[in-house]
Amino acid sequence: MGMKKVFSIIVALLFLSGSALAGDMLLEDINFPYDSASVVDALKQIPGIVDVFKKHPQLQLEISAHTDYIGSDGYNKKLSLSRADSVKAIFVNQGLAPERIQVLGMSKNYPKSSDKTVDGRFINRRAAFSIYEMKNGQKFYYYKDNEMIHPIEGEAPMNLAGLDKLASSEDLDALKKQLEGLATADDVNALKDQMASMDETLKKIERQKMFKEQRGSLLAAGGVWDNKFTALLDGKFFLGFNDRFAFQGGLSAAITSSLLNNYQADLGVVGNLDRFQAGVFSSFNFIRPDGFNDTASISQFTVAGSYLLDWGSLGISYSKGLQREDTLQTTFTATDRVVITDTILKGRDKIGFTADYYLKDTLVVNVEAGSVHATDESFFGLLKIGYPLGYFNNKMLIFAQGSYNNSLIHDSDDLSVVAGLEIGNWFHKKPAAEDIRPMRIPDTSFEMTARERPIDQTP
């Protein structure tokens, strides 16, 4: 119950000279946790409603359930129906015949509050009640979405919003009898404190459930890299441990010409403060280019920040090489003197800008572009476009991705174009602006160079 309802109760108590309300007769919303149809709200009102229906066999009950705006229309339609069915099951368990109950799934189409805040989205995830009977083939509503339209004959109003619709002094007298029990100002203050505490507890539970959602995905794609067939495998995870911080990591492998070319492991921490988000990540990369038997390893440290928006995010990242180079191969040549040539992979620093865009819950666009500090300053970029498949609750994404100079840098520019399938909940719904969310971890950038040295020098 919100503070507005509490104040309405207090006003009514003062107006009725110290009488009190039997709370089980109120019609009010039942709210739901994030992405759940489980009923965890207080249900004191249900026995009172069932008692009224037992005395009036002509009455019918309509349960309309709603979601917040996060998620596709198809997914939210199913979720809202599941929520309505969960509430219906409680009424049936209380003895109300199922044929007297109609359920409606309203999806996200009728928000009651702003969807831009955590509290607003909690209010919108609700089930409301309508009470009616059929007259001349039409629904005659006594209550519509918890609001009294007409009083039920012989019954006191079930909410305070309809006080202005009381038809007679008899109705007021009936309400007074219903409001017996709280006689003093102390009782009113105790009720106010109890409702405020309940609101705060519900908000806390809501935030905990919302931000502890685990995210993960498995990605497989195929295409071309540097005019050769390549396959890309990628696994990611994102684990929030409160409403402000989360762990993020992943493993990826690029396979070209049946040889392992690039294997990267990432791990870091993401922090969130409303619309601002920052992350620090360590990445380790093992590379074996075609034609080489040895594997080189490099690593980098990345600092990233982003500003969160309703439609996505804008960000910046800087990656600094830690283990900056590794010898991939050593060869000997002898002319007038013996010379050793080391083939070296060098990790390179990079700075980039990122953008994520969610188009009407149906299209996901990721962009990254920036500069790599190589032998020659090089531009790099990445574009990924994905489309969620609603047949699987938007937990399957088909995508196409193109990248330019995003990994191996050599004498000529390299281009990669792949397409594939991503399974999981990484991009399964449009986020709210302030929701903590995964960040883009840049691929390690490196270049291959050759360095000569005399035989008596160590590398």
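The values are calculated or read from the model by the stated rules, or taken from the named source; none is laboratory data. The model shown is predicted, which means the values in this text are computed figures rather than measured ones. Positions of Cβ are generated from backbone atoms using ideal geometry, with glycine treated the same way; all protein chains shown enter the neighbour counts.
Worth pointing out:
- K360 modelled with pLDDT of 85 or more and basic (K, R): no
- Qualifying residue in region 57-66 (condition: in contact with a Lys or Arg (Cβ under 9 Å, 6 or more places away or on another chain), modelled with pLDDT of 90 or more, closer than 27 Å to W311 by Cα and surrounded by 22 or more Cβ atoms within 10 Å (Cβ to Cβ)): yes
- The residues on offer are A246, A220, and the sole one that is farther than 30 Å from F292 by Cα and either modelled with pLDDT under 80 or not assigned by TED's automatic domain parsing to the domain that holds F32 (or both) is A246.
- Residue check for K108: on the phi < 0 side of the Ramachandran plot, in contact with a Ser or Thr (Cβ under 6 Å, 6 or more places away or on another chain) and of a type in the set (D, E, K, R): yes
- So F301, is it under 22 Å from K350 (Cβ atoms) and surrounded by fewer than 16 Cβ atoms within 10 Å (Cβ to Cβ): yes
- Annotation note: of D41, D85, the sole residue that is at pLDDT below 80, outside the structural domain of D243 (by TED's automatic domain parsing) and more than 30 Å from G312 (Cα to Cα) is D41.
- In the condition set (1) closer than 17 Å to M448 by Cα; (2) of a type in the set (V, I, T); (3) surrounded by 15 or more Cβ atoms within 10 Å (Cβ to Cβ), T330 is compliant with all but (3).
- Only one of L308, L267 that is in contact with a Lys or Arg (Cβ under 7 Å, 6 or more places away or on another chain) and of a type in the set (A, V, I, L, M): L308
- Among the residues of region 304-317, the one identified as surrounded by fewer than 16 Cβ atoms within 10 Å (Cβ to Cβ) and within 28 Å of L345 (Cα to Cα) is I316.
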